[in-house]
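Let me begin by presenting the structure, written as C-alpha cells, before commenting on it.
The values are calculated or read from the model by the stated rules, or taken from the named source; none is laboratory data. For clarity, every value in this text was computed on a predicted model and none was experimentally measured. When we count neighbours, we look across all protein chains shown, and the Cβ atoms used for this are built from the backbone with ideal geometry, even at glycine.
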C-alpha cells in the first residue's frame, strides 16, 4: 500500500496512490509504504529517483548499520515501533529515508517510511496532523513527531500495564488465593512483564534514533529542543519501567508464596494424619504378635478393649493438635 501526505494550510492530508500517473500529481512531504509491492517500489524509483534497499526491514541487520548517512545526503534510520496488542504484543521494524541535500532529485525534503504492517503510532500522528494546524512543517518534523508519538504511545501502554497489575495485586493480596487463581494471576503477570520489557527495548531504540537525528545536525533550533524534550520523556519512562519490573517481581513472589502456603497446608494434613495414626498402628502391631501368653486375648473384653485403646490413641493426638491450632 502506498500513501502520500501533502501539507496544505498547516494540515497533513493523506492520499492513497494506485498508479505512477497519480503519484506525479502531488508534491508530498511524506511517502508511506506499507508492505510495498515491486511495482510500488518501481514507481518510487522512477518518480523520486530513490532506490529502496532490499534489507530495509530486515530484523537481523547489525545495530551499527541501522543509523547512517549516504554520500548523496540520504539519511537512513531503521527503528522499531511497538504494537501493544492484547494477544500478541510485538515490535515492527520501520525504515526511514530522508534526502536533505540532493536538490537534483525530487526526493529532496520528502520522508519515506517502509514497514510491513500498520503501526498505531503512525495512525496517531495522522489523526493529530489532520486536526491540529501547524503541527507539521516539513519532513524532518514528521519524523520527529513520529518518535514523539512513539514515546507517548509507550507511556499510555505503561499506564495500561499498571492498571492490569493493580487488578492482579488485588487478587493476590485478598488472602484467599487458590491454586487455580494463582495460575491465572501468574499468567497475567508474565504477559505484563513481557510487554514491559518490550517497552523498555522500544524506548531505548527511540532514544538512539532521536540522538542520531540530533548528532546529524539536521534539526533547526526549535526541533533540536523538541528532540531534547523527547529524550527527557524517555528518561522518565525508563524509571517507570524499572518501577513496574519491581512491582512485577513483588507480585510474582507473593503469588508463588501463596502457592507454597497452599502446598504446605496439604503436606500438613498428611503429616498430622501420619502422627495421629501412628499410636493405633503400634497397638495393632503389639496385639498382632503371635505369642502364646497374652492375657487380654483370653478375655471377653479383650477385643473391645483393643479397639477402644486404638481409637483413644488416635483421638488424643488430634485433640492436642487442634488445641494448639495446628489443624487450621
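Here are a few things to note about the model shown:
- Check on residue 205, buried (at least 18 other Cβ atoms within 10 Å of the Cβ), assigned to a helix (DSSP H, G or I) and out of contact with any helix residue (DSSP H, G or I) (no Cβ under 8 Å at 6 or more places or on another chain): yes
- Test: residue in the range 257-265 that is more than 26 Å from residue 191 (Cβ to Cβ) and either assigned to a helix (DSSP H, G or I) or touching a helix residue (DSSP H, G or I) at 6+ places or on another chain (Cβ under 8 Å) (or both): yes
Conditions tested, residue by residue: (1) in the same structural domain as residue 154 (by TED's automatic domain parsing); (2) within 30 Å of residue 202 (Cβ to Cβ); (3) touching a helix residue (DSSP H, G or I) at 6+ places or on another chain (Cβ under 7 Å).
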residue: 227; (1), (2), (3): yes, yes, yes
residue: 231; (1), (2), (3): yes, yes, yes
residue: 244; (1), (2), (3): yes, yes, yes
residue: 249; (1), (2), (3): yes, yes, no
residue: 252; (1), (2), (3): yes, yes, yes
residue: 297; (1), (2), (3): no, no, no
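- Matching residues, the range 117-149, being part of a loop (DSSP other than H, G, I, E, B) and either within 20 Å of the chain's Cα centre (by Cα) or surrounded by fewer than 20 Cβ atoms within 10 Å (Cβ to Cβ) (or both): 117, 118, 119, 132, 133, 134, 135, 137, 138
- Only one of 239, 271 that is assigned to a helix (DSSP H, G or I), at pLDDT 80 or above and within 21 Å of residue 321 (Cβ to Cβ): 271
- Residue list for the range 82-99, filter: crowded, with 17+ Cβ neighbours inside 10 Å and in contact with a strand residue (DSSP E or B) (Cβ under 8 Å, 6 or more places away or on another chain): 82, 83, 89, 91, 92, 93, 94, 95, 96, 97, 98, 99
- Subset of the range 118-139 [out of contact with any strand residue (DSSP E or B) (no Cβ under 7 Å at 6 or more places or on another chain) and farther than 22 Å from residue 84 by Cβ]: 131, 132, 134, 135, 137, 138
- Unmet requirement for residue 167, which otherwise passes all of (1) buried (at least 16 other Cβ atoms within 10 Å of the Cβ); (2) out of contact with any strand residue (DSSP E or B) (no Cβ under 6 Å at 6 or more places or on another chain): (1)
- Single residue of 152, 184, 159 found to be surrounded by fewer than 12 Cβ atoms within 10 Å (Cβ to Cβ) and either within 30 Å of residue 214 (Cβ to Cβ) or assigned by TED's automatic domain parsing to the domain that holds residue 242 (or both): 159
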